[in-house]
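Bear in mind these aren't lab numbers, they're just calculated from the coordinates by the rules spelled out. Given the structure is predicted, the values throughout are model-derived calculations rather than measurements. Cβ placement follows ideal geometry from the backbone for every residue including glycine, while neighbour counts extend to all protein chains displayed.
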Amino acid sequence: MNGWAGQRLRVDLTTGEITKEPLSFEYRRKWIGGRGFNSDVIYNEVPPNLDPYDPKARVCFGVGPMSGTAAPSTGRVTVSAKSPLTGGFGDANMGGHWGAEVKYAGYDQIIIQGRAKKPVYIWIDDDKVEIRDASHLWGKFPREADQMIKEELGDEDMHIMMIGPAGENMVRFACAFNDVWRAAGRTGTGGVLGSKNLKAIATRGSGTVKVADPKKLMDVCNRLRQAFKTDPMKMGLYEIGSLALINVANRDGWLPWKNFQGGAHPDANNLSGETHAATVLKHREGCFACPICCGRFTQIRDGKFAGEEFGGPEYEHAVPTGPRVGIIDDANDIWHNCCLTNDYGIDAIETGGVIASAMEWYQRGLITTKDTGGLELEWGNAEVVATLIEQIGQRKGFGAILAEGADRASDKLGLGEEGHYYTITTRGMTLPGDDPRGLGFGYGLSFSMGTRGGCDHLRSLCCLELSGALYPGLNTQILGDESACKPVTINSKPYMVYYEENQKATTDCLNVCCFTTHWSYAVLTPDQVEYLNAVTGLDFTEEDFQEVGERVYNLERAYWNRCMSGSREDTVPERFLKEPMPQGVDYQTNVGVTFPLNDMLPQYYRYRDWDPKSGFPTDRKLKQLGLDYVAKDLAPLRSKYVSETEKKKKKWYY
Amino acid sequence: MAVMTKAQAKKFNEMTDKMIDVLNFLKNGKVIDDAEHRAVMLKGFSKLVDVLQEKKIINAKGAKAAMKGGFDSLIAELS
Amino acid sequence: MSDGKVLLFNHEKCAGCRSCVVGCSLYHDGECGKVVSRVAVVRNERFGESFPVGCDACTDAPCAAVCPTGACAMDHEAGITKIDANKCIGCKECAMACPFAAINMHYKTGKAFKCDLCEGREEGPVCADWCPGGAITYEAANVSLKVKRRNKLTERLQAAKVGEEG
């Protein structure tokens, strides 16, 4: 079979049963792979009212037909589960090389269900799959456990998916990794794995991906890789990593400062990509088949924490336990915090987010040292932040409350509606390091209704408003409006977000890296269609391609609807709607801006063909996408949701 | 070819986001059909320019201008 | 020292992406996978270390020296040894003899296969062409070594200057 392996692996940790399920042509054509396969399984097999830590819950690892091929950046994996953080649909995406290895071992997807009686790991050696004891690995940081498994199994070339202690302790925003450092950060899938007593999936694959038209694929891949050589985004990302964004964010006022009280700071350059490259960059890292290689490996050479080293950080990794919690003077504090979130295995964004919320509660007197176990949550107190990260990872002290996520923590501390104002979340999930008053109106629009919890930049990653300006004419080509390349304008943003969300979803089904198709636009949809058809031998069109993404997006939305979430929750944290952006530096470009969600959301619903009253997809849209069964599921819920809206208060998590 | 009045063009020009509105207008006026409406929604502006050029609603020069100037140019061509 | 172009592997610049590996496999075998690639990248993910490995185009090649059938022999025009699959008996002596472990046995035929510098490819070897960081380059060895010597000298002079100032 070309492209796909043609089967998924299902492991039931309660019974020990291991099954291989063939994937039909119709199924593969409809969902393609990766996020598509995962979302379908979660929708069908995980009831919306199930406790995410219940043994019946699923964790899915999906790769796509492009995984392991020579197209740009084909190592990624989508990890999906009902989220312990939000209670709704959750997924995350990780780079590295494990995705290619899973494909070479002969699987398009791995589904984990049940719960092992004691800690285990799974060993996949091509078609041989076994469940092995992991008691000796439990409690270990990924960097240690990775080596222990490689030595035990006698092969240092294998690739391993792994959780850290935070996942074992079921921290609600714990994450999964592969190749030690590559994180599937968001929505807490690591905790679901921990609840199943699954420490790792070690994988060795000796197979290959068959290609329908090798010459065609070689031509397309070659053309794209030649383009990457001079691509402006590639050059920046390769040189200084995603921290290249720090100085841009600072100028355009979207660098989170103190829980988004501000968007810029005079000392931002301390953690910029340029500074990182000059002081602590040990090595550049690339995921499988990547022409960009934006990954970093950091080694602190002098000053505080000298000698510490770790894989990373990304922009979104360094910002939350840096400027977002008021740390900006000594970058070594930030790198140290990045090392901690890696070692414990917690989503850095959510970790920094919940600490920042707690700091603002402390600042405003909603909590005191009585609540924090004596810790003084002063902005920029690096020692306290590092202590809290460890406490969260171990579910100890005040960290045990924060490990629940900001909204649950707020309720546990009895902070009422006021506490929630500072949690900076939508549907229970917090914002990444992109203040929508700066980056940008498109990003912010997609935060309001993104289908893995709002506040997520990776559902649309509408970089047409970020890097679009580096590709003159691109916004015109897709949107008919070049002025949309500015982040702080509403021009064409509803259509931009609709288009980019569909595009991103299909990209996630192929499981190629979206940095090749958003951020860098060296690969456009027609290129993806070309390489997909060259590999699979099928005849996808550009419309088909976008439609798959639209289908997946609507399915995920419907899952939220079944959780009783819809238009009532389609919003962004009030801070962005109400508080004009203050001045942080004199060259800041967005002073005074507030985020005009309601100038865009109604138009966006029209593109989606969602009923604006409930925020549920219409029957017409669902049937158009071949989701008649979903229309049936939603039919009794639509009016129920609307009447609930009329009656009840807003829900912060599910 | 003019498929809208200057007044309609002015209305479109005042909209900050107009893809769906322009498409609906063209469909209601039977300039494009359902399938073409759908294809443009999924593929984007360049597909709209292609469709209109194929139907000889705009000529090659107009198409080129539209790909350069976006909706501003296209709406001028269509009115 | 050969004047001909060969592949040079610089692990300091290797990001471990394996674009070389997957490109090589597609170009030669029409399928994608590490097991059918003529280059390899060894990684220590824990420490962020990556090592590209490929045929170093030995002038006095051990792989040819040990071959019992003459299947592996120097192609003097290309400046690299090549394996004639028709003559190869799959004894693995060449693979064992190679100081860089750059020769593998093919999963379909059981025969040895190795780098042929992508003979006939206009842009030169895929691995060097596709490497994002310049860790694999295709150039005349003595030219590259001259450049390296000069860079080393510049480094030493700069360090001495800093020492003086500091």
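Using Cα-Cα distances under 8 Å and only pairs 6 or more residues apart, what relative contact order does chain C have, in percent?
Contact order relative to length: 28 percent.
With 22 Å as the cut-off, how large is the P(r) tail for the stretch A:473-577, expressed as percent of Cα-Cα pairs?
When all Cα pairs of the stretch A:473-577 are counted, 43 percent exceed 22 Å.
Going by a ≥ b ≥ c, the root eigenvalues of the Cα gyration tensor, does the stretch A:441-637 fall in the rounded group (a/c under 1.5), the prolate group (a/b larger than b/c) or the oblate group?
Because a/c hits 1.5 or more and a/b fails to exceed b/c, the stretch A:441-637 counts as oblate.
Give the Debye-formula value of log10 I(q)/I(0) at each listed q (0.11, 0.12, 0.23 Å⁻¹), with one equal scatterer per alpha carbon of the stretch A:140-234, two decimals each.
Log-scaled intensity ratios, in q order: -0.52, -0.59, -0.99.
When the gyration tensor of the protein assembly as shown is built from Cα positions, what are the square roots of 5 times its three eigenvalues, in whole Å, from largest to smallest?
Equivalent ellipsoid semi-axes, largest first: 42, 34, 29 Å.
Can you run the Rg to Rh ratio on the stretch C:101-166? Use alpha carbon positions and the Kirkwood inverse-distance Rh.
Computed over Cα atoms, the ratio is 1.24.
Nearest 10 degrees, 0 to 90: what angle lies between the long axis of helix C:141-165 and the longest principal axis of chain C (Cα atoms)?
30
Please identify every one of the GluC sites (Glu not before Pro) in the stretch A:10-74 that sits in a loop by DSSP and has no more than 12 other beta carbons within 10 Å of its own beta carbon.
Qualifying residues, ordered by number: A:E17.
Identify which of C:K92, C:K148, C:K34 has the largest mean-square fluctuation in a Gaussian network model of chain C, with springs joining Cα atoms closer than 10 Å.
Maximum among the listed residues: C:K148.
Taking only DSSP H segments of four or more residues, each worth -39500 (n - 2.57), what value at 222 nm results for chain A once the sum is divided by all its residues, to the nearest 500 deg cm²/dmol?
The helix contribution divided over chain A gives -11500 deg cm²/dmol.
Would you list, by chain and number, the lysines whose Cα falls below 21 Å from the Cα of B:K43, excluding same-chain residues fewer than 8 positions away?
Leaving aside lysines fewer than 8 places away in the same chain, those within reach of B:K43 are A:K30, A:K493, A:K504, A:K621, A:K623, B:K18, B:K27, B:K30, B:K55, B:K56, B:K64, B:K68.
In nm, give the distance between the simple-model label positions of A:E579 and B:K27, each being 7 Å from the Cα along the Cα-to-Cβ direction.
4.2
All other residues with a Cβ under 15 Å from the Cβ of C:K148 taken together, and with Lys, Arg as +1 and Asp, Glu as -1, what is their net charge?
+3
What are the semi-axes of the equivalent ellipsoid for the stretch A:7-204, taken as the square roots of 5 times the Cα gyration tensor eigenvalues, largest first, in whole Å?
22, 20, 16
Averaging sequence separations of C-alpha pairs under 8 Å and six or more residues apart, then dividing by the length of the stretch A:109-191, give the relative contact order as a whole percent.
After rounding, I find 20 percent.
So what is the relative contact order for chain A, in percent, with contacts set as C-alpha pairs under 8 Å and at least six apart?
Answer for chain A is 15 percent.
Quick one: what Rg and Dmax do you get for the stretch B:6-78 from the alpha carbons, in Å?
Taking only Cα atoms of the stretch B:6-78, I get Rg and Dmax of 11.2, 28 Å.
Using the 2.2 N^0.38 Å rule of thumb for compact globular proteins, work out how the stretch A:204-275 stacks up: its C-alpha Rg over that value, please.
Rounded to two decimals, the normalised Rg is 1.76.
Could you tally the net charge around A:L461, taking each other residue with its Cβ under 15 Å from the Cβ of A:L461, Lys/Arg +1 and Asp/Glu -1?
-2
What does the charge add up to near C:T81, with Lys and Arg as +1, Asp and Glu as -1, over the other residues with Cβ less than 15 Å from its Cβ?
-3
Run down the lysines and flag those whose C-alpha is under 22 Å from the C-alpha of C:K82, throwing out any fewer than 8 positions away in its chain.
C:K5, C:K34, C:K92, C:K108, C:K111, C:K114
Mean-square fluctuation check for chain B, GNM, Cα pairs under 10 Å: which of B:M67, B:M15, B:M41 is largest?
B:M15
Using only Cα atoms and rounding to the nearest 10 degrees, what angle (0 to 90) does helix C:19-29 make with the longest principal axis of chain C?
Helix C:19-29 sits at roughly 20 degrees to that axis.
Filter the GluC sites (Glu not before Pro) in the stretch C:116-153 down to the DSSP loop ones having no more than 14 other Cβ atoms within 10 Å, then list what survives.
C:E119, C:E122, C:E123
What is the projected area of the convex hull of the Cα atoms of the stretch A:551-654, averaged over all directions, in nm²?
Quarter of the Cα hull surface area: 8.2 nm².
For the stretch C:5-165, what size does the Cα cloud have along each of its three principal axes, sorted from largest down, in whole Å?
So the extents along the principal axes, rounded to whole Å, are 65, 32, 31.
Under a 10 Å cutoff between Cα atoms, tell me which one of B:L52, B:L42, B:L26 has the largest fluctuation in the Gaussian network model of chain B.
Highest fluctuation among the options: B:L42.
Among the trypsin sites (Lys or Arg not before Pro) in the stretch A:86-177, which ones are in a DSSP loop with at most 14 other Cβ atoms within 10 Å of the Cβ? Mind listing them?
Listed in order of number, the matching sites are A:K117.
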